[in-house]
Structures are given as C-alpha cells and as structure tokens.
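K.L.:
Sharing a structure with you now.
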C-alpha cells in the first residue's frame, strides 16, 4: 500500500534462441558399491577398556568407462543483455510447443528488443544447460551406489536452432524512494523481480523463531 506506480506496464517481445541437439559422450570414471563389514573398536565401560564389534558401511570402488547418448529439444537461451537472468530464468517454463510463425500483427502494442547474443555465443550457454543432464545420464549408466566422473568428451550432432520472441510484461514501482522492477511471463502470468524487504519485520521474525526454539528446548529439558 506504500508503493507508488513508477512506470506503466510495458509489453515487450524478448529475443531468445532455442537449440536442438543429439549428443554422444565418452567417459571414464569409477563405480562405488556399498557393502557391510564388521569392525572392532575399543570403548570404556565402568572404568575398563573393552573391545566390541559393530557393522559399518564401506564402499568398494572400481574403474569404469563407457559412452552415453542424449537428445535435447528446445534448450532455451536468453538473447538479451538488458534483463537480469536471475529473474528471466525463473519466468520459465515457457509453452514452446505453442510457438507460431512470425506475424507482425502479434507485435501490436509491444516493443521488440533486438538480439544482443549471437547464435554461437548462445550455443555456448546451451551447452552449459545440457551439461547437468549429460552428467546425470553418465551416473545412471555407471550404476552402483556412488559414481565418480574422471573424464568426459561430448560431441554435438544434428544441431538446429530457432530464434524466437517471447512476450514479457515489464514494470517498476517506487517504495521508500527506491525503484523496484518486476517481470511477468506474458503466457503463464508468472511474476519475478525485486521486492522491498522490511528489516523490522525480518528482525521480529528472527526473534519470534528464536523464542519458539528456546521454549521447545526449555520444555524438553525441564
């Protein structure tokens, strides 16, 4: 209720790249299989040193190597440098299966931003997004209870791309003399952006939580 409108809600089409690729990755690493073993240990009971046994979990490692294949479809990469990625990434997912061919009538009432990230630069980022999925596939292929990846080499095949424009509503508001910007996914309504924090409320919350925890500790130790 203390916020005042700083900017009107603006509709913008933000440029993105999407990439498709098939990948082939060769790897070396280690597979760890857990097993149960009995070990002896020494402890003190009634002032005397005694030896006891216990069951522990240990891991047996052995070397592995292999290869995996992945298929990636519509890896989305922001082609704008004017919007913070920490917010645009949280606007995802986009319903990319609903993309249509370019038509100027869709741009009515919207501003359009030009591409600031070229196709090659965008594919470098797309590879980074593929990386965790490739690692997951390797770990699944290695099997066992634990996995270690020592080396890997990926080949990217049948790479295709699309340049797309996605609708984002952008606005800002003023709160306590500071301007906060927020973004809205024009397809799903997902909202992300900056927000003011009340340090008084945060401090009170910490005090209340600490009091509750202290009360629980006192109750169980009385």
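Here, each number is a calculation from the coordinates, and none is a lab measurement. None of these values were measured; they are calculated from a predicted model. Quick reminder, even Gly has a Cβ in these numbers, built from the backbone with ideal geometry, and neighbours come from all protein chains shown.
K.L.:
Determine, from the Cβ-Cβ distance of residue 145 and residue 22 and an R0 of 30 Å, the FRET efficiency 1/(1 + (r/R0)^6), rounded to the nearest 0.05.
P.N.:
Once the sixth-power term is evaluated, E becomes 0.50.
K.L.:
Let me ask something else. Let a ≥ b ≥ c be the square roots of the eigenvalues of the Cα gyration tensor of segment 4-196; is it rounded (a/c under 1.5), or, if not, prolate (a/b larger than b/c) or oblate?
P.N.:
It comes out oblate by the Cα gyration axes.
K.L.:
Set the Förster radius R0 to 45 Å, insert the Cβ-Cβ distance between residue 86 and residue 45 as r into 1/(1 + (r/R0)^6), and round the FRET efficiency to 0.05.
P.N.:
So the FRET efficiency works out to roughly 0.20.
K.L.:
Hey, another quick one. Under 8 Å for C-alpha pairs, at least 6 residues apart: give me the relative contact order for segment 4-196, rounded to a whole percent.
P.N.:
Result for segment 4-196 is 39 percent.
K.L.:
On to the next question. Given the Cα-Cα distance of residue 107 and residue 71 and 0.36 nm per residue of separation, how much length would full extension add, in nm?
P.N.:
9.7 nm
K.L.:
What whole-number value in cubic angstrom gives the convex hull volume per residue for the C-alpha atoms of segment 13-117?
P.N.:
Here the figure is 246 Å³ per residue.
K.L.:
So, in Å, what gap is there between the alpha-carbon centers of segment 19-84 and segment 128-152?
P.N.:
Using only Cα atoms to place each centre, the spacing works out to 9 Å.
K.L.:
In nm, what is the difference between 0.36 nm times the number of residues separating residue 158 and residue 63 and their Cα-Cα distance?
P.N.:
31.0 nm
K.L.:
Also, I was wondering about something else. Take peptides 96-109, 179-192, 67-80, 144-157 and line them up by average Cβ neighbours within 10 Å, highest first, as a rough protection proxy.
P.N.:
Per-residue mean Cβ counts within 10 Å order the peptides as 67-80, 179-192, 144-157, 96-109.
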